[in-house]
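> Have a look at the structure that comes next, please.
Each value in this text was obtained by applying a stated rule to the coordinates, not by laboratory testing. Just so it is clear, the structure is predicted and the values come from calculations on it, not from any experiment. All Cβ positions, even for glycine, are placed from backbone atoms using ideal geometry, and neighbour counts span all protein chains on display.
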RNA sequence: GCGGGCGUGGUGGAAUGGUAGACACACCGGACUUAAAAUCCGGAGGGGGUAUCCCCGUGCGGGUUCGAGUCCCGCCGCCCGCACCA
């Protein structure tokens, strides 16, 4: 046995089969043990897993296996986020059906994931592209329609006129479609929306309950929801204006600056703008220009503040006799507030830029502390900090907050046409969630349009609305819409010929409830509420921070929607959230500046230096910066090759070592080699220990010598610390603990053959516990060792070793001794030694006496069992 | 611009306000070997000294404290998110 190297290529498939045959990771909903739900964000089936997946799923697997060892009934499922655009692109490029391509990808990725040895319940596998899944999504859509959670309205979209499709913002590059290169247009389309904005306050408030989420993610969501409190305020138009309107309504968060108002600006999309543009060519041209500007934020940000005077004027609401000009301006958004603002240039940078361009007055009304009221003026930087109100009539001398309250009360009391002139209002940045996509490869929206009866949900008995298989992607646009027969259907109400909705749902809908479906994946309803409520919320959810806002916010919303429609009984789907860092790698560039893949590079070291050359040509290769692994920079490492060369355990171990899991980790050859060597080291330790243990068998082992007791303490401390580190997801520290334990055990094993029996016993227990500690991380190696040690059953089923609390506490403690804050020595005393006694002892120590050199201590600080500080 | 994070040896990184650098990688030395690999043992923040030891040291400058990598104030640098939200 000893001397043989551990061979992961042989052992890993063996144990995978053993687990599979034993159904080790199949979870029952009836299991009476405490439930624990761990979930990693399910992958898009691109065809190959990448190192990011390896890292993500390794972490989740450690949690799953650890919680199993803790006696919990663990749910750890896996599925596929299987709808989406790449499948349609593949269909166009390869002339294969999106479904064929997707299902092939799922099969190959599943095989890859299985080769990692993950403790996953594959019987619960789901793919969002299968009718078995999306029919329930359709049912919930219908329920949500009935509950008033869904709406249909006009919305502006990025439209690619060549591909005849809607583009997401990130698909618009420099104002052009990413695929066609055609200039993107803004179009108004009637689209389906989930009314997430109705839940803005609830989603905001809920963030405070998510104490096991990263603060960073909560802040991002808070900003995204963007709550602001302000005032809706009517400005009265002068009577002789060319529109039908009596007033312009604005929204402001700074009503305290009303005395500094110098203009009104309308959005290009404001209804009043449209009315005016009909008889104003200059304005019409400006509106058209604003529309061309598009939604590409990069250009918006840099765009100059521009506007056109409408000829209209309004009365200044608090300065008798004064009027303000009304502009249409390119920086005013229609879908926030009322689509109109009042400009106070002195205290808003945008307004100031605009005012300077059009020579509008700039009147300061907030005075910074310490500034002089006579001489204070705003030049080209607006003053947006706090100060005291001045130049503002009855508001003078107030703080900003007091002025806001006073002016709001004032306008609430004023009336125009019997209505209050102003009204305090809360606004949110969060917009409704547009879910319509003009695509084939998505969940069909279960709606029928009838000329007579209007827009109707598909009756539930007619679900699922299944995607047709015989589709062609020859024409640009929505293949579902192009299908010759699919959309023709009789109206479920009047029976007349009607038309199916051909929009499909945003794939974020698919991923907004899959975690609930996993709890009862075969149910004939979307969920089985009693079962879902027992498993949910997910105890630990793990994934990339790139989903901090959309996926996680949509899932929080959808869970509330499912609660409102009776599918679950809770608000928050994810109790614990962890966002792991990316996997990075060095980049390499050849002589022509082309990217070179790591597999084609040979690294040579000389002393502490490194240089690279091409594997085949031998040409010098430049070693570049460390970047996130990406196909474009070619700095990717294929997990398959790593598993084939080093084994899955090595890859898993390396992904968990060294770097804190929330930070980026750099993939290096040296790091993998190190992980692989450690694997062999464990195996060697086990091999050697078996012999020792066998020699000592039959001996009565009762007493420990000092070494044996010391070893026991190290072992129990390691078991305790590794457990708490895994619970805190500090995998890198758990790994360091395991290294330390291994070092201690190897040292003992080396000198141990003639040791007393008690020490052999400690060693044997140490090795067996070590195997359990590595089992969540290197499960195949652990099973192999477990078997070799003659243990019964699978280590995957073994309970976490019990910690003897008595072994965790030392009865002596070593106190560092500082002189004036600098460490000058140490003293070992019994735990709990009184300060007076410690002081006497310290002052009698030779080294301290020497350093004090006769000087009398001014003060001695003694923190019991911690530290001694002598001040002279 | 706004919001958040980070800055510690050659490297990844440890460190409830209490011995800075655990653990690992890389490196150096030794053992084993005909040799190499593997393995085992040892060394190591920087500077000085044969050594006992001494000085300096957690991006920079201040502060609080008996004591600061950690807390506070002001800078510098890097990374991430949002971005005309009135």
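> Hey, with R₀ at 56 Å, roughly what FRET efficiency would residue A:550 and residue A:846 work out to, going by the Cβ-Cβ distance, to 0.05?
Here the calculated transfer efficiency is 0.25.
> Per 0.36 nm of contour for each residue apart, how much would the distance between residue A:534 and residue A:625 grow if the chain were fully extended, relative to their Cα-Cα spacing? Walk me through the numbers before you get to the answer.
Working: separation 91, 0.36 × 91 = 32.76 nm, distance 4.79 nm.
Extra length available between residue A:534 and residue A:625 comes to 28.0 nm.
> Next up: How far apart, in nm, are two points set 7 Å out from the Cα along the Cα-to-Cβ line at residue A:322 and at residue A:386?
Using points 7 Å along Cα→Cβ, the separation is 2.6 nm.
> Gain in length, residue A:823 to residue A:455, computed as 0.36 nm per residue apart minus the alpha-carbon separation, to one decimal in nm? Show your work: numbers first, answer last.
Details: separation 368, 0.36 × 368 = 132.48 nm, distance 7.93 nm.
Fully extending the segment from residue A:823 to residue A:455 adds 124.5 nm.
> So for each of A:331-343, A:489-501 I average, over its residues, the number of other beta carbons within 10 Å; can you give me the resulting order with the highest mean first? Walk me through the numbers before you get to the answer.
On the way: A:331-343: 20.8, A:489-501: 15.2.
Sorting A:331-343, A:489-501 by mean packing, highest first, produces A:331-343, A:489-501.
> Can you sort A:125, A:669, A:401 from fewest to most other Cβ atoms within 10 Å of each residue's own Cβ? Intermediate results must be reported in sequence, preceding the final value.
Values: A:125 16, A:669 13, A:401 10.
Final ranking by Cβ density, sparse to dense: A:401, A:669, A:125.
> Follow-up. What is the packing order of peptides A:576-583, A:591-598, A:761-768, taking the mean over residues of other C-beta atoms within 10 Å and listing the highest first? Numbers along the way, then the final one.
Numbers: A:576-583: 20.6, A:591-598: 13.6, A:761-768: 22.6.
Ranked from most to least packed, the peptides come out as A:761-768, A:576-583, A:591-598.
> In whole Å, how far is the Cα centre of the stretch A:433-496 from that of the stretch A:193-216?
Centre-to-centre (Cα) distance: 33 Å.
> What number, in nm² with one decimal, is the all-direction average of the projected area of the convex hull of the alpha-carbon atoms of the stretch A:517-631? Don't skip to the answer; put the middle values down first.
Working: hull surface 46.5 nm².
Average projection, Cα convex hull of the stretch A:517-631: 11.6 nm².
> Only Cα pairs under 8 Å and at least 6 apart count here; give the relative contact order of chain A as a rounded whole percent. Write down the numbers at each step before the final one.
Values: 1571 pairs, mean separation 117.4, N = 872.
Reported relative contact order: 13 percent.
> Give me the distance in nm between label points sitting 7 Å out from Cα along the Cα-to-Cβ direction at residue A:246 and residue A:18, one decimal.
In this crude spin-label approximation the distance works out to 8.4 nm.
> Can you pull a Stokes-Einstein diffusion coefficient for chain A at 37 °C (0.692 mPa s), Rh from Kirkwood over Cα pairs, as a whole number of µm²/s? Show your work: numbers first, answer last.
Details: Rh = 32.9 Å.
D, rounded to a whole number, is 100 µm²/s.
> Right, here's the next one. Is any residue of the stretch A:248-266 close enough, with backbone N under 14 Å, to a label point placed 7 angstrom from the Cα of residue A:419 along the Cα-Cβ axis, and if so, which?
From the stretch A:248-266, the list is A:248-251.
> I would also like to ask the following. Rounded to the nearest 0.05, what FRET efficiency do residue A:865 and residue A:33 give with R0 = 45 Å and r taken as the Cβ-Cβ distance? Could you check?
After rounding, the FRET efficiency stands at 0.70.
> Ok, one more. Relative contact order of the stretch A:1-102, please, whole-number percent, based on alpha carbon pairs below 8 angstrom and at least 6 residues apart.
Numbers: 74 pairs, mean separation 29.8, N = 102.
Relative contact order for the stretch A:1-102 comes out at 29 percent.
> Here is a further query. Give the calculated FRET efficiency between residue A:524 and residue A:475 to the nearest 0.05, with a Förster radius of 41 Å applied to their Cβ-Cβ distance.
Approximately 0.65, to the nearest 0.05.
> Whole angstrom only: what separates the Cα centroid of the stretch A:120-145 from the Cα centroid of the stretch A:809-859?
Cα centroid of the stretch A:120-145 versus Cα centroid of the stretch A:809-859: 68 Å apart.
> While we're on this one: Order by neighbour count: A:392, A:115, fewest other Cβ atoms within 10 Å first, most last. Numbers along the way, then the final one.
Values: A:392 24, A:115 19.
So the residues, fewest neighbours to most, are A:115, A:392.
> Still on this structure: Can you tell me the order of A:176-183, A:433-440 when each peptide is scored by its average per-residue count of other Cβ atoms within 10 angstrom, highest first?
On the way: A:176-183: 15.8, A:433-440: 22.6.
So the order, starting with the most tightly packed, is A:433-440, A:176-183.
> What percentages, rounded to whole numbers, describe P(r) for the stretch A:135-289 computed over all alpha carbon pairs with 5 Å bin width beginning at zero?
The distribution over the stretch A:135-289 is 2, 6, 9, 10, 13, 17, 17, 13, 8, 4, 1, 0, 0, given as percents.
> Express in % the proportion of alpha carbon pairs of the stretch A:285-407 at distances exceeding 22 Å.
Numbers: 3331 of 7503 pairs.
Pairs farther apart than 22 Å: 44 percent.
> So what is the calculated 222 nm ellipticity per residue for chain A, using -39500 (n - 2.57) for each DSSP H run with n of 4 or more, over all residues, to the nearest 500 deg cm²/dmol?
Details: 26 runs with 310 residues, N = 872.
Calculated mean residue ellipticity at 222 nm is -11000 deg cm²/dmol.
> With a point put 7 Å past each Cα toward its Cβ, work out how far residue A:224 is from residue A:212 in nm, to one decimal.
2.1
> Would you mind ranking A:726, A:142 so that the residue whose beta carbon has the fewest other beta carbons within 10 Å leads the list?
On the way: A:726 26, A:142 21.
With the fewest neighbours first, A:726, A:142 line up as A:142, A:726.
> Pull out the extension gain between residue A:186 and residue A:616, defined as 0.36 nm times the separation in residues minus the alpha carbon to alpha carbon distance; nm, one decimal.
Details: separation 430, 0.36 × 430 = 154.80 nm, distance 5.10 nm.
So the extension gain works out to 149.7 nm.
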